[in-house]
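Peer 1: After the structure tokens below, expect a handful of questions from me.
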Amino acid sequence: MLRVLCLLRPWRPLRARGCASDGAAGGSEIQVRALAGPDQGITEILMNRPRARNALGNVFVSELLETLAQLREDRQVRVLLFRSGVKGVFCAGADLKEREQMSEAEVGVFVQRLRGLMNDIAAFPAPTIAAMDGFALGGGLELALACDLRVAASSAIMGLIETTRGLLPGAGGTQRLPRCLGVALAKELIFTGRRLSGTEAHALGLVNHAVAQNEEGDAAYHRARALAQEILPQAPIAVRLGKVAIDRGMENIPTRDRLEGMAAFREKRPPTFVGE
């Protein structure tokens, strides 16, 4: 259950230098708030680009990259929670209207920036939680997949729908979805571009929790905050090291023995392992 006495500090805007924004009321598209009182240690990132349904445009990505760079060095951040300030939407994916105006070279650079953004989220030292209270499509779901934990409203809609637009998931979805669900199921979802409800996503293991939506449209946020509150009392260094151990264990570590084993297989000879 949520703590009723939670104190809230005001949202702090962050504007990428030299960029125009189409955030709410012309403000920043990314805002940050640190909770206070008994919930001190939870920091929230609010995605607030209503006119584009939080689409991943240049300004949005720049502001989010800058925000993460600042928060990464803040040891007071014990849990980082991503939420939306746009009702009915978590993140609608890449801004295709912006992309249409880019040259082929500019598109390549932007996709690289998107990958870098998702990698920065995945590598954030503290646990990260995505509160998905609405649509999370394409790059929006890739953003949620880069988080450690995901909570969705049962009515939320999500999917890697790029193939329905003649594209591929380009920001890590083709790697992170198979790690989350297994190769065969990930292929099925990407090949078909299928959209899932929060309830269906929970049944598959794509999200940790699915909750019935409330009248305010922020039920997933409240459940995500309650989950963050469960993490707060735990030893912060142990939690951070646990994240590192799990993440590294899911990767192929290039040890000398692994490289030797692969070489021996190719060369049809017995491997010589050295324990390194």
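Peer 1: Give me a count of the residues in the stretch 206-222 that are closer than 17 Å to residue 46 by Cβ and not hydroxyl-bearing (Ser, Thr, Tyr). Break it down stepwise before answering.
Peer 2: Keep residues of the stretch 206-222 that are closer than 17 Å to residue 46 by Cβ, which gives 216-222.
With not hydroxyl-bearing (Ser, Thr, Tyr) added as a condition, the list becomes 216-220, 222.
Selection size over the stretch 206-222: 6.
Peer 1: Here is a list: 227, 259, 241. Which entry is open to solvent by less than 80 Å² (accessible area, probe 1.4 Å) and either more than 14 Å from residue 156 (Cβ to Cβ) or not in a helix (DSSP H, G or I) (or both)?
Peer 2: Values: 259 fails: open to solvent by less than 80 Å² (accessible area, probe 1.4 Å); 241 fails: open to solvent by less than 80 Å² (accessible area, probe 1.4 Å).
That would be 227, the only listed residue that is open to solvent by less than 80 Å² (accessible area, probe 1.4 Å) and either more than 14 Å from residue 156 (Cβ to Cβ) or not in a helix (DSSP H, G or I) (or both).
Peer 1: If you don't mind, there's one more thing I want to ask. Out of the residues in the stretch 75-93 that are in contact with a Ser or Thr (Cβ under 9 Å, 6 or more places away or on another chain) and under 18 Å from residue 233 (Cα atoms), which is most open to solvent (accessible area, probe 1.4 Å)?
Peer 2: So, considering only residues that are in contact with a Ser or Thr (Cβ under 9 Å, 6 or more places away or on another chain) and under 18 Å from residue 233 (Cα atoms), the one most open to solvent (accessible area, probe 1.4 Å) is 76.
Peer 1: Do any residues in the stretch 86-106 that are closer than 16 Å to residue 61 by Cα have Cβ atoms under 7 Å from those of residues that are open to solvent by less than 50 Å² (accessible area, probe 1.4 Å) and among the charged types (D, E, K, R), where the two are at least six apart or on different chains, and which pairs are they?
Peer 2: If the second residue must be open to solvent by less than 50 Å² (accessible area, probe 1.4 Å) and among the charged types (D, E, K, R), the pairs left are 90/133.
Peer 1: Given the conditions (1) in contact with a strand residue (DSSP E or B) (Cβ under 8 Å, 6 or more places away or on another chain); (2) crowded, with 22+ Cβ neighbours inside 10 Å; (3) not acidic (Asp, Glu), and given that residue 177 satisfies all but one, which numbered condition is not satisfied?
Peer 2: Looking at each condition in turn, residue 177 falls short on (1).
Peer 1: Is there any pair with a first residue in the stretch 43-56 that is more than 16 Å from residue 127 (Cα to Cα) and a second that is open to solvent by 20 Å² or more (accessible area, probe 1.4 Å) and part of a strand (DSSP E or B) whose Cβ atoms are under 7 Å apart and which are 6 or more apart or on different chains, and what are they?
Peer 2: 46/31; 46/33; 46/83; 47/84; 48/31; 54/84; 55/94; 56/94
The values are calculated or read from the model by the stated rules, or taken from the named source; none is laboratory data. Keep in mind that this is a model prediction, so the values were computed, not measured. Heads up, the Cβs are rebuilt from the backbone with ideal geometry, glycines too, and the neighbour counts pull from every protein chain shown. We work out accessible area using only protein heavy atoms, side chains counted, and drop any ligands, DNA or RNA first. Shrake-Rupley method; radii C 1.70, N 1.55, O 1.52, S 1.80 Å.
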